[in-house]
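The values are calculated or read from the model by the stated rules, or taken from the named source; none is laboratory data. Bear in mind the structure is a predicted one, so any value in this text is a computation, not a measurement. Here Cβ is always computed from backbone atoms with ideal geometry, including for glycine, and neighbour counts include all displayed protein chains. Accessible surface areas use protein heavy atoms only, side chains included; no ligands, DNA or RNA. Shrake-Rupley method; radii C 1.70, N 1.55, O 1.52, S 1.80 Å.
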Amino acid sequence: MSTLTTNQIPTPAFDIAIIGAGLAGSLCAHLLAQSGNSVCIIDKSRGSGGRAGSKRLDDNASCDLGTPFILAQHPDVITLLQQLTNEQVAAPWKQLNKGNVQAFVGTPKMSAITRHWIQPAQFITGTRIHHLDQVTQKGDTKTSWLLRNDKYQPVVMAKKVIIAAPAPQTASILATHEKLAVLLLRANQASASYQSQWAMWLETEPCDLNALIEPKNSLIKRMIKDNYKPMRNSGKVDRWVIQTDTNWTKQHLDSDKEWVTQTLLQAFAEITEHRVLKHGEPHRWFLSRFSESMGNKCFAWSPEHNVGLASDWLCQGDAEGALLSALSLVNHIKDSK
């Protein structure tokens, strides 16, 4: 993996440009690069992971504020995650297994999965793609896509484009070109179904509470002992990540962060009866989760324009759905050659 900044080169050209370096986009980059394509992946953040990213707390510690684990049931996804386990990029969290559903985490943190997958691609960070233009390059009879940033500056050229972003962000990009109306319609339909969530990390003295607690009738939906995940360093404290109920979040989406902090700390203390030693600032995942956008396929592809969509909102609305969407889209692209 090499990282580019948009002002270093005139306008690089690739076979495929992928917008979004979360689970779906990173897996697309990995699989398409394996097939011999030149691939770049572009993200508005400084690193990969998206909602499966990790927050660094200090030089020796981090935690997963977003997707805490991947629950896998589909055989193709289980195989994919088992391969990552063999490569020491992921590990099974057997405590969370239920029936034929298996749990996996990235090691030493969730973002390790996406960092591993994007290695064969050029990774352009801190760049928000805003506009798509169709252009014809010299000596080429086929059109390519010119991707521009939010300042309308050219970023890359690509023969094919995959957008692997939350539905509202996908829709805003698709809306910049009239030929992509069919894809835009599906993204617009899914944009109404998003849910938001507050998340915060905190530390307590080591305790014997379960690694995963899902309180009933509480503003807290889920509490995860981050240091209990496989291949994590537990240290001398228990480090928790707490995530709020989506209905409560909707009512307090724009509340003052200090009020949210104190409310979450009080709720945590009431549930666990443990004193909080240290905590971080709550993070608001505005586009935390989507309901599945019902369609015939768990991806979208416009063969006449060489533009595709892969994301969790196209398939199940969860982390496994993001991976299934990416696998299905890449297989479709390969089969269409």
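Using a 1.4 Å probe, what is the accessible area per residue for the chain, in Å²? Each step should come with its number before you reach the end.
On the way: 16070 Å² over 337 residues.
Result: 48 Å² per residue.
Only alpha carbons enter this Debye calculation for the range 117-212, each as an equal point scatterer, and the log10 of I(q)/I(0) it gives at q = 0.12, 0.25 Å⁻¹ is -0.57, -1.35.
The angle between the Cα long axis of helix 257-272 and the longest principal axis of the Cα atoms of the chain comes to about 50 degrees, rounded to the nearest 10. Helix 319-335 and the longest principal axis of the Cα set of the chain meet at an angle near 20°. Just in the range 158-233: which chymotrypsin sites (Phe, Trp or Tyr not before Pro) are loop by DSSP and have at most 10 other Cβ atoms within 10 Å? Answer in residue order: no site qualifies.
Let's test the formula: R0 of 56 Å, r as the Cβ-Cβ distance of Thr11 and Gln266. What FRET efficiency results, to the nearest 0.05?
Working: r = 53 Å, r/R0 = 0.95.
Computed FRET efficiency for Thr11 and Gln266 comes out at 0.60.
The alpha-carbon atoms of the chain, seen along their principal axes, cover 70, 42, 41 angstrom, with the largest extent given first.
For a paramagnetic label modelled on Gln251 (point 7 Å from Cα along Cα→Cβ), amide N atoms under 20 Å away belong, within the range 173-200, to 194-200. For the options Asp133, Asp312, Asp64, a Gaussian network treatment of the chain with springs between C-alpha atoms closer than 10 Å singles out Asp133 as fluctuating the most. Using a Gaussian network model of the chain in which every pair of alpha carbons under 10 angstrom is joined by a spring, one finds that among Arg239, Arg115, Arg56 the greatest mean-square fluctuation is at Arg56.
So for the chain, averaging the separation of alpha carbon pairs under 8 Å that are six or more residues apart and normalising by length, what relative contact order in percent results? Spell out each step's value before the answer.
Details: 740 pairs, mean separation 64.4, N = 337.
Taking the mean separation of contacting Cα pairs over the length of the chain, I get 19 percent.
Dividing the Cα radius of gyration of the range 1-112 by its Kirkwood radius returns 1.02 for Rg/Rh. A Förster radius of 41 Å, combined with the Cβ-Cβ distance separating Lys297 from Asn210, puts the computed FRET efficiency at roughly 0.60.
For the range 70-175, applying the loop criterion from DSSP together with a ceiling of 14 other beta carbons within 10 Å to the chymotrypsin sites (Phe, Trp or Tyr not before Pro) yields Tyr152. Principal-axis analysis of the Cα atoms of the chain puts helix 23-34 at an angle of about 50° to the longest axis. If I take R0 = 22 Å and measure r between the Cβ atoms of Met231 and Thr79 in this structure, what FRET efficiency does the formula 1/(1 + (r/R0)^6) give, to the nearest 0.05? The pair Met231/Thr79 has a calculated efficiency of 0.60.
Prolate is the label for the range 182-225, because the ratio a/c of its alpha-carbon gyration tensor axes (a ≥ b ≥ c) is 1.5 or higher and a/b is greater than b/c.
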